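Just below is one structure, and these are the notes that go with it.
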Amino acid sequence: MFKTIFLIVLLVTTSLLNAQETPDENRDKIVAALENYFFLEREAIHLHLDKSTFLTNEKIWLQGYVINRKTKKAFFTTNVYVVLYDEAGTVVTEKLVYAYNGTFSGVIDLNPKLHSGLYYIQVYTNWMNNFSEDESSIFKINIINPQEGIKNYNKIDEESLDITLHPEGGNFINGIKNTIGIRVKDCRNNAPDNLEAMIQNSKGETLKTVRLNAAGLGKFEVTPDDDFNNVSVTYQNKSITKTFTDKNGIGFGLEVNNFSMEGKTIIKIKTNLATMSIFKDKKAYLVVHQDNKQFIYDLEINKNALEQTILLQNTDLFGGINTIRIIDNNLKEWANRTLYNAPKKEAPIVITKNGRKADQLEFVGYAATANTNLSISVLPTDTKSTAENYSIVAGLSINPYISEPLINANYYLLQPKRITNYELDLFLMNQTHPKYNWENIKSSKPATNFSFDIGLSLKGTISPNIKNKTDHKVKIVSFKDQIIKSTEVNDKGEYLFENLILTDSTSLAMSVLKLPNFESVEGKINYQLLNRKK
């Protein structure tokens with residue numbers, strides 16, 4: 001009897017395990033698309049500047065950090081390009097900076113003749129050129145020419161003030177309650193304070209009003225019965241109206257909330273009967289991913305599940321930005337949304353005052369991890385030279401995954417609470433477009449057309465008058481930088497030094513040596529120093 005019962009239990013358990021492990025080709029295709037598109041390593045770069053407002057006779061001091069997005073650890077990148085642009089996008093100066101163990105530092109000398117205005121520092125690597133998305137990082141600064149004075153870029157430009165509307169998930173679906181995001185800003189991302197948006201129907205009647213936050217962001221809910229037609233705001237007695245026409249008969253509404261319940265994320269998927277009718281023989285999946293890391297849920301599609309809720313523990317999500325998509329078995333995307341999940345806090349770095357000598361303060365730091373790097377900018381208490389807009393947390397875990405960088409990141413991240421979490425989610429919901437387009441992900445795979453630059457390459461030819469060229473070597477020497485290297489010469493008289501790490505303004509002495517006695521040979525040496533460009 002005991003053996004019979006045991007056998008029945010074993011058979012049932014085995015059957016359940018087999019059912020759970022039944023392969024799903026559609027899931028495999030989704031996973032393969034993500035794996036292929038994010039197969040190549042991607043970098044994230046953050047800059048720490050000494051301040052954000054500079055006079056033209058000053059220097060811009062900077063320290064940068066480079067991580068591998070997949071591992072969140074320091075990357076082996078060595079060549080980082082730092083480019084300063086003016087407001088018109090003209091290159092003011094460009095530098096190649098050496099990075100080691102995920103950090104780099106440098107200085108940009110400003111020209112006293114520069115005009116007052118907004119300038120932009122872009123940092124990127126040659127490897128980033130392999131991707132269709134812009135993987136570089138850009139930092140806005142203000143430069144003041146004392147002869148011209150400061151320009152006020154915080155004043156609202158009324159002529160460029162505009163309203164954009166963003167249905168949550170990307171679609172406005174008939175027959176369901178839809179959430180619509182509102183964003184009001186001018187051409188410089190300035191938003192008026194205390195704006196109130198009026199939600200109106202086709203007759204011009206006000207359905208409801210919505211108070212926008214200091215960043216010009218808000219959201220509201222409407223149903224098809226509301227006859228929602230447009231959103232209108234008034235600023236300085238000027239009325240701005242945006243008519244909404246992007247309504248879809250079928251599709252899915254995707255509503256995400258990770259600020260109402262501590263430690264949990266609520267995902268609501270809503271649809272209508274018209275959508276049900278075309279999903280008779282289809283399957284749908286909820287995909288949550290960060291780069292190639294992912295997990296996938298089956299969605300129930302039937303007339304009794306027009307609205308379904310999935311409750312996730314935040315500990316099950318990826319630290320940083322998560323992208324949520326609804327994908328069907330034909331790999332068509334029906335909705336997408338990004339959310340931010342605060343990364344797990346690592347062991348803190350402790351810095352304490354260690355002593356004082358005259359006008360110098362000494363500090364000592366303690367960190368739980370090896371090779372910890374720290375950069376500090378010291379400014380007067382009431383300084384107006386820094387806006388504190390850029391956070392390393394945003395720079396490495398948020399901005400690399402969204403199309404528009406997070407402005408005033410410290411407001412959301414330094415002391416997170418329910419209201420700031422809500423406003424950060426509001427910002428993500430109102431992104432103009434997703435940075436990573438699903439059509440690109442499922443149909444293409446980035447190729448390595450651009451190399452990982454490591455240092456510089458020095459190549460050229462020796463004099464054509466030298467016979468038996470392979471019996472020679474080219475030698476370079478810099479006693480100041482402690483460089484002594486030699487390389488082979490091929491039968492065409494060509495030589496190549498790769499991965500040279502040279503400081504700015506390094507002088508190299510070059511010579512041709514004849515084997516086997518390494519005798520110096522007279523003759524012209526042609527050379528080119530190469531990195532991304534000559």
Study note, to complete from the structure: Between Tyr120 and Cys187, Cβ-based FRET efficiency (R0 22 Å, step 0.05) works out to 0.90
Check your understanding: When the scattering of region 95-160 is computed by the Debye formula from its Cα atoms alone, each counted once and equally, what is log10 I(q)/I(0) at q = 0.27, 0.29 Å⁻¹?
Key -> -1.23, -1.31
Practice item. Starting from one equal scatterer on each C-alpha and no solvent at all, send me the Debye-based log10 I(q)/I(0) for region 9-160 at q = 0.11, 0.12 Å⁻¹, two decimals. Key: -0.59, -0.66
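Note down the relative contact order for region 363-501 as a percent, whole number, built from C-alpha pairs under 8 angstrom at least six residues apart. Kindly include the intermediate steps, with their values, before the conclusion.
Values: 114 pairs, mean separation 23.4, N = 139.
RCO, region 363-501: 17 percent.
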Study note, to complete from the structure: In terms of the alpha carbon gyration tensor, root eigenvalues a ≥ b ≥ c, rounded if a/c is under 1.5 and otherwise prolate when a/b exceeds b/c or oblate, region 111-200 is oblate
Exercise for review: Note the full-extension length gain between Lys485 and Gln313 as 0.36 nm times their separation in residues minus their Cα-Cα distance, in nm to one decimal.
Suggested key: 56.3 nm
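Over region 213-259, what is the relative contact order in percent, taking alpha-carbon pairs closer than 8 angstrom and at least six residues apart?
Reported relative contact order: 23 percent.
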**Study point:** Estimated inter-spin distance, Lys282 and Thr470, nm [label 7 Å along Cα→Cβ]
**Key:** 6.4 nm
**Study point:** region 180-257: trypsin sites (Lys or Arg not before Pro) falling in loop per DSSP and having at most 16 other Cβ within 10 Å
**Key:** Arg188, Lys203
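Note the full-extension length gain between Glu159 and Ala214 as 0.36 nm times their separation in residues minus their Cα-Cα distance, in nm to one decimal.
Stretched out fully, the Glu159 to Ala214 stretch lengthens by 17.9 nm.
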Review point. How high is the FRET efficiency between Lys417 and Leu374 when r is their beta carbon distance and R₀ equals 30 Å, given to the nearest 0.05?
Key: 0.65
Check your understanding: For region 311-417, what are the per-bin percents of Cα-Cα distances with bins 5 Å wide, up to the bin holding the maximum?
Key -> 2, 8, 13, 16, 17, 15, 10, 7, 5, 3, 2, 1, 1, 0, 0
Check your understanding: Which FRET efficiency value, to the nearest 0.05, do you get for Lys177 and Lys73 by plugging their Cβ-Cβ distance into 1/(1 + (r/R0)^6) with R0 = 45 Å?
Key -> 0.55
Check your understanding: Under a plain spin-label model, where a point goes 7 Å from the Cα along Cα-to-Cβ, how far apart in nm are Ser511 and Asp225?
Key -> 9.3 nm
Point to revise | Residues in region 433-473 reached by a label modelled at Leu40 [backbone nitrogen below 12 Å; 7 Å Cα→Cβ] | key: 445-453
Review point. So how exposed is Ser463, as accessible area in Å² (1.4 Å probe, rounded to 10)?
Key: 10 Å²
Point to revise | Kirkwood Rh in Å, taken over region 344-501 so that all alpha-carbon pairs contribute | key: 22.7 Å
Review point. Residue farthest toward the positive end of the dipole of region 363-515, with Cβ of Lys/Arg at +1 and Asp/Glu at -1: which of Thr372, Ser397, Asn421?
Key: Thr372
Review point. Within the accessible area of the chain, what % is carbon and sulfur when the probe is 1.4 Å and the other protein chains stay in place?
Key: 50 percent
Check your understanding: Over the Cα atoms of region 166-312, what Rg and Dmax result, in angstrom?
Key -> 17.6, 55
Study note, to complete from the structure: Of every Cα-Cα pair in region 375-461, the percentage lying beyond 17 Å is 68 percent
Practice item. Quick one: dipole size for region 270-367, taken about the Cα centre, charges +1 on Lys/Arg Cβ and -1 on Asp/Glu Cβ, in debye to the nearest 20. Key: 120 debye
**Study point:** Accessible surface, per residue, of the chain when the full set of protein chains is kept, probe 1.4 Å, Å²
**Key:** 55 Å²
Point to revise | Label-point gap, in nm, between Lys492 and Tyr100 - each point 7 angstrom along Cα→Cβ | key: 3.5 nm
**Study point:** Tensor-based shape of region 215-283 (alpha-carbon gyration tensor, a/c under 1.5 rounded, otherwise prolate or oblate)
**Key:** oblate
Point to revise | Dipole moment magnitude, nearest 20 debye, the chain about Cα centre, only Lys, Arg, Asp, Glu C-beta charged | key: 800 debye
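Figure the gain on full extension for Thr241 and Ile454 (residue separation times 0.36 nm, minus the Cα-Cα span) and round it to one decimal in nm.
71.4 nm
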Practice item. Counting only DSSP beta bridges with both residues in the chain, tell me the antiparallel percent, nearest 5. Key: 95 percent
Exercise for review: Provide the convex hull volume over Cα atoms per residue for the chain, in Å³.
Suggested key: 273 Å³
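The values are calculated or read from the model by the stated rules, or taken from the named source; none is laboratory data. Fair warning: this is a prediction, and the values are worked out from it, not measured in the lab. Cβ atoms come from the backbone with ideal geometry, glycine included; neighbour counts cover every protein chain shown. With ligands, DNA and RNA removed, areas are computed over all heavy atoms of the protein, side chains included. Shrake-Rupley method; radii C 1.70, N 1.55, O 1.52, S 1.80 Å.
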